[in-house]
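Reviewing the structure listed below.
Every number here is computed from the coordinates shown, using simple stated rules; none is lab data. None of these values were measured; they are calculated from a predicted model. Every residue, glycine among them, receives a Cβ derived from its backbone with ideal geometry; neighbour counts consider all protein chains shown.
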Amino acid sequence: MQLSAPKRSSQHKLISILAIVGIGISIGSYLVLSAPRGNPAWQYRFQRPEVGTITKNIQREIAFHQGRIQQQPTAGLERAALAQSYLKMARATGESSWYLLAQQTAQQSLAQLSIDNHGATLVLAKVAVSKHEFPEALALLEKLPPQAESLSLLTTIHLALGNVTKARQTADILAQRMPTLNNFALKGLVAVAQGQDRAAINSFEAAISAEEPDEAGSSAWVRTLLGRLYYKRGQLQQAEELYRSALDILPKYSPALLNMAELAVRRWQSDPTRTADRQQAIELYDRFFLTDRQTPTTYDHVALRGLARVQRLQGNTAQANQTWERAVARLRSDLTGFGHRRELAQLLLERGQEGDRAEALALMQAELKIRQDPETWDTLATAYLQMGQLAAAQQAIQSALKSGIKDPGLFDRAAAIAQARGQSAQAQKYRESMGSIDPLFDAGARQALGLGVGLSGLN
């Protein structure tokens, strides 16, 4: 079924968005989407920003607010605006230092103006989410009146806490009130968490249709999300096209770079003769580290993990261990600032040195107190499995699957746990479910697990 390019109308955008229909056909329980090469619905309709334009514009904002503060040192609202600009820079670059600067500036703003300073409070809530401090972020949002940005953040928090029903309610309200790229994308993320593929695709396509020329970062983000969903359904060509579309908008966009590398690793491991894919993965990781960022970023550990995986698969065990050490050290330095407990646990479980499993389990038991999404439960299940606590592992993986999410990696883990418990029939059922989600899931796909980013709601 051919998907036509969505129509645009400044007065009736919502009507045209909702008119996007016929996105795919279902074969069994596997959703095959009509996605011809160069799908016009995915094309970016605006002029691509010149390299560095976004950060230069934000830097001008920062300089403007800094100048105003020099003139009025006690201007609380001006400092809140500066904090918002710092947060913009954090999201544009991924650099951890900008998040911390935004947080400090928002706190200073509230110290100067504690009443009705909603801008500073919202910045603190957004930074808390970025630091994976979801209960704290929720408490901050309770101080704010209902508004689009707070509802948007609330949807993300509910997803992280495993409250998919509440996430759906807030996402639906947002999309109805304000049919914007961000709100449709959030609705798509909720649909992914519930295993509703068709609804997710509709929402992501609607998000692309709703994009505006001044939100290039969000345009790259939503294409990466849609590509990641195609990837998890084994539709690798479509995934690649969407990642390339995102990189066409922002050539240094980290999530798209990392997901392209994940795709290359999977193709290489599914067919070892595809040495070009192996080389592409290495080049993509090199490209990530050669970008002109000034400080460590929130994606560094993902790139280091992927590079270590490639080195190990090439037989360079010593080099892989060195890279894993860099990744572990990077995450340990972030524990107090950004709370990357889950990410550190995943690295430790993969590295598998003496003491790693016990530490990973302790990290995940702590993480569960603040985050209960499927990936958290899955990582906890993996830790229990490696520790030989099979009953606990089974309970954890069932919690990961309870929302209805269709992730082949989760079902692969569930099958491994059931097999370890001697439940062969149940393990086979999980494998059949995995195959219905991604018919191409194989050893190569398994080797690439954990190397991509996206579909978590955080961008």
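Before moving on, here are some points about what is shown:
- Charge dipole (debye, nearest 20) of the range 108-155; +1 at Cβ of Lys and Arg, -1 at Cβ of Asp and Glu: 80
- When you count the other C-beta atoms within 10 angstrom of each residue and take the mean per peptide, 76-84, 142-150, 279-287 line up highest first as 76-84, 279-287, 142-150.
- Evaluating 6.51 cos²θ - 1.76 cosθ + 1.60 at θ = phi - 60° for every residue in the range 388-397, the Karplus couplings come out as x, 8, 6, 5, 5, 5, 5, 4, 5, 6 Hz, glycine and proline recorded as x.
- Calculated from backbone phi, Karplus (6.51, -1.76, 1.60) coupling profile of the range 370-378 in Hz, x at Gly/Pro: 10, 8, 10, 7, x, 5, 5, 4, 5
- From most to least packed by mean Cβ count within 10 Å, the peptides 236-248, 322-334 give 236-248, 322-334.
- Using Cβ point charges alone (K and R +1, D and E -1), the dipole size of the chain about the Cα centre works out to roughly 400 debye.
- In order along the range 364-369, the Karplus-derived 3J(HN,Hα) couplings, from 6.51 cos²θ - 1.76 cosθ + 1.60 at θ = phi - 60°, round to 6, 5, 6, 4, 4, 6 Hz, and Gly and Pro are given as x.
- Cleavage-rule hits (GluC sites (Glu not before Pro)) in the range 332-436: DSSP loop, at most 14 neighbouring Cβ within 10 angstrom: 354
- Per-residue ellipticity at 222 nm computed for the chain from its helices equals -22000 deg cm²/dmol, with DSSP H segments shorter than 4 residues left out and the rest contributing -39,500 (n - 2.57).
- Answer label, with semi-axes √(5λ) of the Cα gyration tensor in Å calculated from the coordinates and candidates (1) 34, 27, 23; (2) 52, 21, 18; (3) 41, 22, 21: (1)
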